[in-house]
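Inspection log for the structure reproduced underneath, given as structure tokens.
The values are calculated or read from the model by the stated rules, or taken from the named source; none is laboratory data. Everything numeric in this text was worked out from a predicted model, so none of it was measured. When we count neighbours, we look across all protein chains shown, and the Cβ atoms used for this are built from the backbone with ideal geometry, even at glycine. These area figures cover heavy atoms from the full protein model, side chains too; ligands, DNA and RNA do not enter into them. Shrake-Rupley method; radii C 1.70, N 1.55, O 1.52, S 1.80 Å.
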Amino acid sequence: MSDLNRFVEGELVLLVDRKDRRYLFNLADGESFHSHGGIVYHAALIGQEKGVRIRTNTGQVYYATVPTLADYVTNLPRASQVVYPKDIGGILMVGDIFPGADVIEAGMGSGALTMALLRAIGPEGHLSSYEIRDEAISQARENISVMAGAPENFRIRSNDIYDGIVEDTVDRIILDLPEPWRVIENAAQKLVPGGIIVCFLPTIIQVHNLAFTLQTHSSFEMVESIEILLRPWYIAANSARPMHRMVGHTGFLVSARKCAGSIE
Ligand SMILES: C[S@@+](CC[C@H](N)C(=O)[O-])C[C@H]1O[C@@H](n2cnc3c(N)ncnc32)[C@H](O)[C@@H]1O
């Protein structure tokens, strides 16, 4: 079996206990993970197959695996509210983020969405992420480096996007900031014909304002507003029902496509 299938020093690991409590940390020889279920020595995991089940010093069983991007985003050190994985998935699909795409994003916040965009555009694409807060930029840089290193096709711009988009043309524009309607006029100039803009918004008042701005702008068609609801279910031998608790609300997605030329 290839060494890629075994845990190495410095790698991120996700430990899951029998009650589905999750813990994320980097493996470091000489360190140990402590919880109510006992101790797991990192050295006992280094060199083991990924996906191994391991016992703590008190005999509790933990599953040790590689965190997915969704696991990582959910546990991210935050400088802002991050976009939830369900909405990230929606943004990638609604925005049709493709390998090789030229994309801009604002604001970058903690970089959760940024990592998914980088993965979707691949090494041939380009991503510029706008962010006005220095604290968010440092946090995002740190978060992104864990999952994606320092990709050459990624640029952070410490610009206020309301002052203008620096790039000449872009395939996609993704916005997660309070007043996206202030970007629409500039987006109309910078998006390629058929290009897509997707905005994530927490309140319906913002949705109305943005959707109306897009609907009444001569450069956009196919304005759509959606909300993605995710309801987890509990499944056991004698029971199958929705979970008692769910995340009730995260936000809405508003998207539109750029028109070519004008119509009389
Ligand atoms: C909700 S957070 C973004 C979270 C991010 N999408 C993530 O998944 O981690 C919104 C961010 O937009 C930034 N922001 C607000 N107005 C901005 C502007 N005009 N230009 C650039 N960034 C802006 C804020 O500083 C904040 O960090």
When the helix-only estimate is applied to the chain (DSSP H runs of n ≥ 4, each -39,500 (n - 2.57), divided by the residue count), what is the mean residue ellipticity at 222 nm, nearest 500 deg cm²/dmol? -7000 deg cm²/dmol
Taking the Cα atoms of region 140-179 alone, what are Rg (to one decimal) and Dmax (as a whole number) in Å? 12.3, 31
If you count, for each residue, the other Cβ atoms within 10 Å and average over each peptide, how do 16-23, 242-249, 178-185, 55-62 line up from highest to lowest? 178-185, 55-62, 16-23, 242-249
How much area per residue is accessible in region 13-61 when the probe is 1.4 Å and only protein heavy atoms are counted (Å²)? 59
Highest-fluctuation residue, A150, A101, A240 considered, GNM on the chain with Cα pairs under 10 Å: A240
Could you compute the FRET efficiency for R133 and R245, with r as their C-beta to C-beta distance and R0 at 45 Å, rounded to 0.05? 0.90
Over region 1-154, what portion of Cα pair distances is larger than 27 Å, expressed as a whole percent? 33
Of all accessible surface on the chain at a 1.4 Å probe, what whole percent is carbon and sulfur? 52
In Å and on Cα atoms, what radius of gyration and Dmax does the chain show? 21.3, 76
Using the alpha-carbon centroid of each, what span in Å lies between region 141-166 and region 31-52? 34
